[in-house]
Amino acid sequence: MSYLDYTVERVPTGWRKILFLNWPLVFLVTAVSCIGFLMLYSVSGGEIDRWAMPQMERFAAGMAIMFALAFVPIWFWRSISVVAYVICVLLLVAVELMGHVGMGAQRWLVLGPVRIQPSELTKIAFVMTLAAYYDWLPVEKVSRPLWVLIPVLLILTPTALVLMQPDLGTSIMLIAGGGIVMFVAGVSLWYFGAVIAIVIALITTVMESRGTDWQLLHNYQFKRIDTFLDPGSDPLGAGYNIMQAQIALGSGGWSGRGFMQGTQSRLNFLPEKHTDFIFTSLAEEFGFVGAGTLLLLYVLILGFCLHSALTNRDRFASLLTIGIAGTFFLYFSINMATVMGMLPAKGSPLPLVSYGGTSLMILLMGFGILQSAHVHRPR
Amino acid sequence: MRKSQKEIAESSRLISRRVLMLGVIQAAVISTLGLKLRSMQLEHADQYRLLSDGNSIKIRLLPPARGLVLDRNGTIIAGNEQNYRVTLTREDAGEISTVVARLRRIIPMSDRQAAELLAEIRRRSAVTPVMVADRLTWQEFSSIALNAPALPGVTPESGLSRSYPRAGDFAHVLGYVGPVSDYDLSKIENPDPVLRLPEFQLGKIGLEAKLEEELRGKAGNRRVEVNSAGREMRELSRQEGQQGATIQTTLDARLQNFAAQRLGTESAAAVVIDVTNGDIVAISSSPNFDPNKFVRGISSVDYKDLMKHDHRPLADKTVQGAYPPGSTFKMVTLLAGLEAGVINPGSRFFCPGYTQVAGRRFHCWSRGGHGTVDAIRSLEQSCDVYYYELAQKVGIDRIAAMARRLGIGVRHDLPMSAITEGIAPDRAWKMARYQQEWQVGDSINASIGQGYVLASPLQLAVMTARVATGREVIPRLVRAIDGVVQPVPDFADLGLNPLNLRTARGGMDAVMNGSHGTARRARIVAPEWQMAGKTGTSQVRNITAAERARGVISNDQLPWNRRDHALFVCFAPYDMPRYVVSVVVEHGGGGSAVAAPIARDIMLFALADGLPPLSAYPDSERAKVEEMWSKMNLMPEPTSKTARAKA
């Protein structure tokens, strides 16, 4: 069904749209962000100007963008999705050629005063493209090999570029995010089974390749795998972060050590405590109650997104919503699994909570588009 | 483009089905996360809490204050003083060369010292405090504290450091403390962790080393919170250490001071024992050294000077030094003879000036001889021939047994370092030591305290105390530990015939007060302090026949280290002995001329508890004594006895 079939009169227009926003989602996003401000204030040792204030300013700007995007009709996004995809791929190529190297990987593109992380933009743009593709594709063709190959290429092109940066984490996120859209679009489960089998075979091969001439991963990546498998083996070296994160998390107990009382974060035992490991500070200071609350808020956000997708009869909007919500889900579950020692350490922020402009902006933009899909759903 | 209703419915159904499947997968992932969170935070929280505390809470030891050492009147002879020092931590200092340059405006430091300091700071970890300067004056210290904002990373600290207020007076008996070396640690099983503190000091020698366990005390601790760099953030709790035990010695600081001054620059030793309880009231070895220098880390120049000095200032001659006792040994030989019954006090020998034994001549110190000599006269005039004859009758084994009974050839257990056993030789000893038969000549030499016989000044004092009391006086150095007075044992009777003892004492009295007494010039004329004693002059070289033919060269003409040792032992008051004094002056010459006056002066000071009235000295001596006193820089007399006790 396409927007032309809508009973267009029933789609809210002008400022009335504001009444049809998915308000619970707005409140949930704000609540999670507030937890973020609180934690950033805490881990800075009470210096509000250090992390909390800049984060709040970005949040305010991000919210403005979110509302603005929510007012943009959803069909606009479908029309520009291919253009956005192409721009993102070009930006990824540009970053490859002239990007700024940070943390051992090329991720930033500096354009005057603006620093762009094209890989983050890509996360939304390519989900949009995939949604548009499946909206265009007749449902019965979805599982035909040729029509499966096209979205696979759409996914693999930016993935390959991101992998060259090299940024394994984002590459996996892209594949998983694209996979979710394909899955929901109805691609036959056999394909997924085959991919999982191939991935398992690939992992085995990669691990086997270690130490040989054709080694497929960087040594630091192998090292991370080692540390993941046994963090205690090198408690002062590479395993230090994970050990300390787990200590902080576990020592929180039921109700935590209290606001600003977490010894692990306050005394600098935690690495990256304001970015990737902020969940451990939360868990340390507010315990199971605090960490569980955050997890619950995330689940509610996810739930409202899925509900919005299910009630949206527009295929593009529905798939886009699922894609963005899926990316959000991947974000927080990968981050939490990492700090709890269930996945190898890789730099991934906790969505809406970790300090960092790009990630927050992209997420709020994503939620803006999601709101647009909600507002402009066929009625 | 248009889509049919059927298409839309199919798409919706498909999406719904897949979204539900996706939702299930996501719910499974989130449940796993939740369960893991629950397992870590609720089930294993205690375990992680422990790890977390272990991370951030460190226990730092607080060094205990070392126990004080007091003299018998409560005067502190080893105490602790505030030591102001400054440390620098690179992490906080920023530009260390600037900070050091600023510090140099307050603390004098040569260019070389500053360069060494900078190198040291760069070498050490950024969070380790490095000692910048030690033993600052209060002014320097407070000036650094005042300028703290301009000196980032600089921490003024104060700690306790050992000090010996009487400087050299007690150097040998107390010893000194010093930094703990790896060698020290290797000698101790399960060393107390406090010993590993960088500034900690332990007893290296003397009483400080022997009573280390009592003096050290118990370390306190502080629980501090540290950050990941190991830097202290705050103190959580503090438990002060327990100061080491206060050791009250039997020593008398003023007498010790007098003895040290009286020995002066001689290479000498003096021991004073209270015969009523065995208390060592003074035990002084000369020359001495300033133990404070060792505490602060002695300079190599100073140390070389001490090592090269031919009077061996570092050696404790009172207990380490073993000397041929010479004629001071004659009481032992005499008592051995009397107790064995081979002679009685009235037995006489004729002294022609020598004895001929086995084709060899043994000379009396008096070339002309002493004529007929009985026991009393043998001591009074120190006739050697009497003892040559006696030795042949009584035999060496009985002399050696008597020596050991009187405390020579046995080790007296005191908290001092390297206490010698001396030698009371007998047949078995010579066989074991040299695989040779004992010769008559050996007995003859031993009878007058020459040959193999060796005794320390302490042993000579003990011997004299036992002769003076007839009891087995055991010397002691510790009077009380933490105020608990150590019991004085009831000294056992030696089981010697009182008549024989009286003969020996009478002979010693005659040495001082008899008309021909060898030490008559050193007598005490105050009747209540009448003193009995015995001189000794022991050879440290063999006089060859050729030398004897030329006439024995007088001591004054010999190089210092070949001159005779001068010895003297005495006790007083004669009828009710209180103190014994033994004095050995290495290469001093004659016992009567050199050692006896020293012993007498110390004895009088002990008896009078201060400088005695001049009337105690014979007329002829008074001017000399007064002049000597005027040159001394004695420890001031305390204002009152009670004040001293309180201190």
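The values are calculated or read from the model by the stated rules, or taken from the named source; none is laboratory data. Model, not experiment: these values are computed from the prediction. Don't worry about glycine lacking a Cβ; one is built from the backbone with ideal geometry, like all the others, and counts go over all protein chains shown. The accessibility values were calculated without ligands, DNA or RNA, using every heavy atom of the protein model including side chains. Shrake-Rupley method; radii C 1.70, N 1.55, O 1.52, S 1.80 Å.
Values computed for the structure shown
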quantity: Residue list for the range B:445-465, filter: open to solvent by 10 Å² or more (accessible area, probe 1.4 Å) and not β-branched (Val, Ile, Thr); calculated: B:445, B:450, B:451, B:452, B:454
quantity: Unmet criterion (only one of (1) at pLDDT 95 or above; (2) of a type outside the set (Asp, Glu); (3) not assigned by TED's automatic domain parsing to the domain that holds residue B:518) for residue B:304; calculated: (1)
quantity: Count of residues meeting criterion [within 30 Å of residue B:20 (Cβ to Cβ) and either in a loop (DSSP other than H, G, I, E, B) or within 14 Å of another protein chain (Cβ to nearest Cβ) (or both)] in the range A:194-217; calculated: 1
quantity: Residue among B:373, B:394 that is under 30 Å from residue B:513 (Cα atoms), aliphatic (A, V, I, L, M) and touching a Cys at 6+ places or on another chain (Cβ under 9 Å); calculated: B:373
quantity: Sole residue being assigned to a loop (DSSP other than H, G, I, E, B) and of a type in the set (S, T, N, Q), chosen from A:372, A:333, A:348, A:359; calculated: A:348
quantity: Elements of type strands (runs of 3 or more DSSP E) contained in the range B:175-290, each with 2 or more residues being surrounded by fewer than 20 Cβ atoms within 10 Å (Cβ to Cβ); calculated: B:220-226, B:232-239
quantity: Criterion (surrounded by fewer than 16 Cβ atoms within 10 Å (Cβ to Cβ) and within 30 Å of residue A:306 (Cβ to Cβ)) met by exactly one of B:42, B:33, B:37, B:14; calculated: B:42
quantity: The lone exception for residue B:10 - which of (1) more than 14 Å from every other protein chain (Cβ to nearest Cβ); (2) at pLDDT below 85; (3) in contact with a helix residue (DSSP H, G or I) (Cβ under 8 Å, 6 or more places away or on another chain) it fails; calculated: (1)
quantity: Qualifying residue in the range B:96-103 (condition: more than 19 Å from residue B:140 (Cα to Cα) and assigned by TED's automatic domain parsing to the domain that holds residue B:245); calculated: yes
quantity: The range A:241-299, subset of a type in the set (D, E, K, R) and either farther than 25 Å from residue A:53 by Cβ or open to solvent by less than 20 Å² (accessible area, probe 1.4 Å) (or both), residue nearest to the other protein chains (Cβ to nearest Cβ); calculated: A:284
quantity: Members of the range B:54-71 found to be open to solvent by less than 50 Å² (accessible area, probe 1.4 Å) and touching a strand residue (DSSP E or B) at 6+ places or on another chain (Cβ under 8 Å), listed by number; calculated: B:56, B:57, B:62, B:64, B:65, B:66, B:67, B:68, B:69, B:70, B:71
quantity: Of all residues making up the range B:21-46, the number that are facing another protein chain (nearest Cβ under 7 Å), part of a helix (DSSP H, G or I) and either closer than 30 Å to residue B:295 by Cα or not hydrophobic (A, V, I, L, M, F, W, C) (or both); calculated: 6
quantity: Single match in A:191, A:220 (criterion: within 14 Å of chain B (Cβ to nearest Cβ), touching a residue at least 40 places away in the same chain (Cβ under 8 Å) and open to solvent by 60 Å² or more (accessible area, probe 1.4 Å)); calculated: A:191
quantity: Selection within the range A:300-328 - touching a residue at least 40 places away in the same chain (Cβ under 8 Å), open to solvent by 10 Å² or more (accessible area, probe 1.4 Å) and facing another protein chain (nearest Cβ under 9 Å); calculated: A:313
quantity: Index of the failed condition, residue B:361 passing every other in (1) of a type in the set (Lys, Arg); (2) touching a strand residue (DSSP E or B) at 6+ places or on another chain (Cβ under 7 Å); (3) assigned to a helix (DSSP H, G or I); calculated: (3)
quantity: Criterion (closer than 30 Å to residue B:175 by Cα and either without any contact (Cβ under 8 Å) to a residue 12 or more places away in the chain or of a type in the set (D, E, K, R) (or both)) met by exactly one of B:316, B:374; calculated: B:316
quantity: Scope the range B:396-419; condition in a loop (DSSP other than H, G, I, E, B) and crowded, with 19+ Cβ neighbours inside 10 Å; matching residues; calculated: B:406, B:407, B:408, B:409, B:412, B:414, B:415, B:416, B:417, B:419
quantity: Some residue of the range A:131-143 being under 25 Å from the mean Cα position of the chain (by Cα) and without any contact (Cβ under 8 Å) to a residue 12 or more places away in the chain; calculated: no
quantity: Unique residue being in contact with a Gly (Cβ under 6 Å, 6 or more places away or on another chain) and at pLDDT 90 or above when the list is B:325, B:287; calculated: B:325
quantity: Test: residue in the range A:35-47 that is surrounded by fewer than 18 Cβ atoms within 10 Å (Cβ to Cβ), over 24 Å from the mean Cα position of the chain (by Cα) and either charged (D, E, K, R) or not in a loop (DSSP other than H, G, I, E, B) (or both); calculated: yes
quantity: Within the range B:74-93, tally of residues that are open to solvent by less than 40 Å² (accessible area, probe 1.4 Å) and either at negative phi or not assigned by TED's automatic domain parsing to the domain that holds residue B:163 (or both); calculated: 11
quantity: Hey, residue A:341 at the interface with chain B (Cβ under 10 Å from one of its Cβ atoms) and open to solvent by 20 Å² or more (accessible area, probe 1.4 Å) or not; calculated: yes
